[in-house]
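Input: a single structure, listed below in structure tokens.
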Protein chains: 2
Amino acid sequence: MRLSRFFLPILRETPKEAEIVSHRLMLRAGMIRQQSAGIYSWLPLGKIVLSKIEQIVREEQNRSGAIELLMPTIQSAELWRESGRYDAYGKEMLRIEDRHEREMLYGPTNEEMVTDIFRSAVRSYRDLPLNLYHIQWKFRDEVRPRFGVMRGREFLMKDAYSFDIDRERAREAYNRMFVAYLRTFDRLGLKAIPMRADTGPIGGDLSHEFIILASTGESAVFCSKDILDLPIPPDDVDFRGDLSPIVTAWTTPYAATDEMHDAAAFEALPEDKRVSARGIEVGHIFYFGTKYSGPMGANVAGPDGVEQPVHMGSYGIGVSRLMGAIIEASHDEAGIIWPESVAPFAVGLINLKTGDQKTDSVCDGLYERLTNAGVAVLFDDVDGRAGAKFATMDLIGLPWQLVVGPKGLERGEVELKRRATGERLTLSVDAAVNRLMAG
Amino acid sequence: MRLSRFFLPILRETPKEAEIVSHRLMLRAGMIRQQSAGIYSWLPLGKIVLSKIEQIVREEQNRSGAIELLMPTIQSAELWRESGRYDAYGKEMLRIEDRHEREMLYGPTNEEMVTDIFRSAVRSYRDLPLNLYHIQWKFRDEVRPRFGVMRGREFLMKDAYSFDIDRERAREAYNRMFVAYLRTFDRLGLKAIPMRADTGPIGGDLSHEFIILASTGESAVFCSKDILDLPIPPDDVDFRGDLSPIVTAWTTPYAATDEMHDAAAFEALPEDKRVSARGIEVGHIFYFGTKYSGPMGANVAGPDGVEQPVHMGSYGIGVSRLMGAIIEASHDEAGIIWPESVAPFAVGLINLKTGDQKTDSVCDGLYERLTNAGVAVLFDDVDGRAGAKFATMDLIGLPWQLVVGPKGLERGEVELKRRATGERLTLSVDAAVNRLMAG
């Protein structure tokens, strides 16, 4: 993409309203624009990253055997009356009356609707296990939205719902999501730690939060150093096999959020194993049995022909929140440092002297070669000062910067800079292309 | 995808509430489920097709130079007061009050918000032309939603907005979208005809609807036979060149909807050129100049330094509606006939005798070979009657059916059926694989 044809409204000044670094950087880098309190537009650079995060989440859900559908944002209050949550939910639910004065709401979550879909279609244990997920916008009318996309009102969430004949099978479904989450966050460049959690308003008796460590995290977390070194399940992990050894390995070392912290157990660890840090919740999984299927009559016949309420779990990932979390975990003074898997472009190509025939021509050639080779390039082809160009590229955090100017070209050289380390290489044009095509 | 692990709730009976064929077929094929009047869940089969349509629309927007962003669904009433449309819009706008009693709404369209984004960032003609689009859910509170996804309340729309320094440049932007639309609908397997249209509540003085011909179409349309044979612009059409010859070629032959019909002009055509048919609107493009930029103060400085309101156009495609339109245009008595570009799977593999060792093993092998070769297969591996299996495959309309049973296998043969024509080939297993891998 040529910058001259892109829409990248960089802010030179730090916006006053942003309290945390990810919010500041996303505003400055022209990734988002606030439209109302807690409601954002995703500008082109932000939209690319959002889609990349979404796609990684989707691929790992699919790999685990979950099936994608898409439920609407607007729901009927009737469904929520069946579960008893319509009155219980409180002011975070955005309630709406349509032109016929029917009570509707903007879905904050989808347990009721997916249970309704399930009960309309599934009658027998033979159709199980089933895990249905969607990636859809949700609305929670937070009394004080803040921290940018970390605690917005309109946000993108992946929510999956598992259906099984009994508690034991439901536990297997839970394990599949547990493993899928480990893989998902790892692919996003994050170190996420599952921590036993309170089940809260969704209910149930088994729940884990996935927490990433970031010094700016919202809550205190405590864990054993051992958990930080566990291997991530590989991409050919057998989701139809027994995953409990993996889950056991990841749930044995001490790990707890503030709320669930057991100081005595933590202090029983050798001192050099105690990690006390700040964390950000990026995923949450629950087993809640028949809490919704019971009152909503989502029954299936078992092998004995007897109908019984189906056992359910739900599994959320805050897709839009993840963008903020990734930035909290990966930035420096100059700006964002994107993990390669979600970087909006792999390379920022900087023309230091637009209008100079040779520089323009080398840049055009580089842009074409890299683009044709499938490397995503943002090409700064705009007339401007070198300092501002470097600052913008550092701010938006692409993994590589390829800098082309007339002085280097006199020696046949261009400069390649790795954003994460600041490492610089002076290379011939061909060597730079080869280096970038190697990934 | 193995059917035993998929979620495909086929309805054996024709739903009474569905008045038109696409609605009936989408319900029967387990593609959608109504959650409230005019509000649908997209079940897994429907979600796959929806994503494929969305992706083709996106690719052609990108090819034309439009830039993707994503605006939120919930908007502030304030913005709509600036344009004067908040009071004018009427009951189709879903109006919402949040917990702080602020007036909000579920966006039915985005002229105001995108103009706000533009004015916050762009000051000079040097940043033009610019075309920003998004693919986002919209809500229009239709008094009587009907025809399934063809006239739903919550629907997915691609809306693009162009910004140019003057009327002439805005016309070039209009032409780019015109050409992108021709390509988009062609790739979706549709014959779409641009017809000069009324500008209606969006305003402006230049507008075309893109109408596809379908015997079940919502309105009468009239055109010259010549327009049906015009070539579609190729994939390397130069969007930075002069597109007016293409637009002229497509706007010269007579073509008009009922509303704009000029019977005298139509009857002046030779009788064998007169096409009188039914049509479905699938896209609509507008040039409306400074209608929003004027009142909202979206000004840019021209080459002379003088500030002036930017010239705008807007360009919509009904992404979710297109699924209904494609089915209206492509089905038979037995069910849907998907164009290959949007088919949820390329092949339906039918095991006629699950449990028979040889049949199971050949089917498993075929499934693996085709899947590894990148061919999307829905594998009916479920125990069931042959007749019901055939009926389901015909209903869901995959381009190819690959039928494997013990009798054929005795002779080393499987059967390949092309859904669109009913043509059947009896082939060896290898020959069938080769045929399917050839596309």
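Overview of values
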| quantity | calculated |
| --- | --- |
| So A:W80, is it under 30 Å from B:S4 (Cα atoms) and of a type in the set (F, W, Y) | no |
| Complete set of residues in the range B:13-57 that are within 15 Å of the chain's Cα centre (by Cα) and within 10 Å of chain A (Cβ to nearest Cβ) | B:W42, B:G46, B:K47, B:I48, B:L50, B:S51 |
| Single residue of the range A:104-160 satisfying the filter (outside any loop (DSSP other than H, G, I, E, B) and among the small types (G, A, S)) that is farthest from A:M31 (Cα to Cα) | A:S124 |
| Within the range B:120-166, considering residues that are among the polar types (S, T, N, Q) and within 10 Å of chain A (Cβ to nearest Cβ), the one farthest from B:G316 (Cα to Cα) | B:S120 |
| Test: A:T248 is farther than 24 Å from A:H23 by Cβ, out of contact with any Leu (no Cβ under 7 Å at 6 or more places or on another chain) and among the β-branched types (V, I, T) | yes |
| Extreme residue, nearest to the other protein chains (Cβ to nearest Cβ), among residues of the range A:59-103 that are within 29 Å of the chain's Cα centre (by Cα), part of a loop (DSSP other than H, G, I, E, B) and farther than 26 Å from B:K138 by Cβ | A:G65 |
| Hits in the range B:392-426 - residues which are β-branched (V, I, T), buried (at least 19 other Cβ atoms within 10 Å of the Cβ) and more than 20 Å from B:S361 (Cβ to Cβ) | B:T392, B:I396 |
| Some residue of the range A:194-201 being crowded, with 19+ Cβ neighbours inside 10 Å and out of contact with any His (no Cβ under 9 Å at 6 or more places or on another chain) | no |
| From A:T109, A:T184, residue being closer than 24 Å to A:S76 by Cα and away from chain B (no Cβ under 14 Å) | A:T109 |
| Among (1) outside any helix (DSSP H, G or I); (2) modelled with pLDDT of 95 or more; (3) of a type outside the set (G, A, S), the one test that B:E19 misses | (2) |
| Members of the range A:355-373 that are part of a loop (DSSP other than H, G, I, E, B) and surrounded by 15 or more Cβ atoms within 10 Å (Cβ to Cβ) | A:D356 |
| Strands (runs of 3 or more DSSP E) enclosed by the range B:208-326 - at least 3 residues per element that are of a type outside the set (A, V, I, L, M, F, W, C) and within 21 Å of B:G189 (Cα to Cα) | B:274-289, B:311-318 |
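The values are calculated or read from the model by the stated rules, or taken from the named source; none is laboratory data. Only a predicted model underlies this, so the values are computations on that prediction, with no experimental measurement involved. Quick reminder, even Gly has a Cβ in these numbers, built from the backbone with ideal geometry, and neighbours come from all protein chains shown.
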